[in-house]
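The values are calculated or read from the model by the stated rules, or taken from the named source; none is laboratory data. Computed from a prediction, not measured in an experiment: that's the story for all the values here. FYI the Cβ positions are ideal-geometry reconstructions off the backbone, even for glycines, and counts take in every protein chain you see.
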Amino acid sequence: MFIRLHASQRGDTLVEVLIAIGVISLILGGAFVMTNRSLQGTRDAQERVNATKLVEGQVERIKNLAASDSDALFGAGTPAAYCINNSGTVVASTNTACAVDVSGQPTTTEPRFRISITRSANTFTVTNTWNKVRGSGQNNVVMKYRTYEAN
């Protein structure tokens, strides 16, 4: 049994198929780029929230030390740049305890947040720096807090 094709029933040409594949490829490529940028933006925002929480934690530790052991913050032996580790001890910012993960535990893997506190008179500047998601450069969060020595 043979099937006859009429002139009005001819198939698509190779050129038409290639054009259709090209159009579909452009659409899918654009969707991929937009999805990838959206995911990177979401990750960037998530890291910024985590960094802000870590900075707020350091400010709380400053408050606690100012009330309980102000010499640790205002004393002559306090490093110029430092962080306050999980046990509430002031350590130099070059210490591995100042490079933490999202939970505040020391780490060497990314994302790694580097915390540094500096003091000018009674104003403490807490800086948290980490590598950007896109790999070029760094992001940071800076918060200032003013407190006074407990008498």
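When you look at residue 43, is it free of Cβ contacts under 8 Å to residues at least 12 places away in the same chain and assigned to a helix (DSSP H, G or I), yes or no? Reasoning before the result, please.
On the way: free of Cβ contacts under 8 Å to residues at least 12 places away in the same chain: no; assigned to a helix (DSSP H, G or I): yes.
So residue 43 does not fit the description; no.
Is it the case that residue 121 is loosely packed, with under 13 Cβ neighbours inside 10 Å and in contact (Cβ under 8 Å) with a residue 24 or more places away in the chain?
Numbers: loosely packed, with under 13 Cβ neighbours inside 10 Å: yes; in contact (Cβ under 8 Å) with a residue 24 or more places away in the chain: no.
Judged against the criteria, residue 121 is not a match.
Of (1) closer than 23 Å to residue 40 by Cβ; (2) outside any helix (DSSP H, G or I); (3) out of contact with any Lys or Arg (no Cβ under 6 Å at 6 or more places or on another chain); (4) not small (Gly, Ala, Ser), residue 118 satisfies all except one. Which?
(1)
Do the conditions hold for residue 46, that is, is it modelled with pLDDT under 95 and either within 22 Å of residue 127 (Cα to Cα) or touching a Cys at 6+ places or on another chain (Cβ under 8 Å) (or both)? So that I can check it myself, show each step before the final result.
Values: modelled with pLDDT under 95: yes; either within 22 Å of residue 127 (Cα to Cα) or touching a Cys at 6+ places or on another chain (Cβ under 8 Å) (or both): yes.
The answer is yes for residue 46.
In the range 73-115, which residues are touching a strand residue (DSSP E or B) at 6+ places or on another chain (Cβ under 8 Å), not hydrophobic (A, V, I, L, M, F, W, C) and not in a strand (DSSP E or B)?
78, 79, 85, 93, 95, 96, 101, 107, 108, 110, 111, 112
Among the listed residues 103, 116, 70, 93, identify the single one that is of a type in the set (Gly, Ala, Ser) and free of Cβ contacts under 8 Å to residues at least 12 places away in the same chain. Spell out how you get there, then give the answer.
Working: 116 fails: free of Cβ contacts under 8 Å to residues at least 12 places away in the same chain; 70 fails: free of Cβ contacts under 8 Å to residues at least 12 places away in the same chain; 93 fails: free of Cβ contacts under 8 Å to residues at least 12 places away in the same chain.
Of the residues listed, the single one that is of a type in the set (Gly, Ala, Ser) and free of Cβ contacts under 8 Å to residues at least 12 places away in the same chain is 103.
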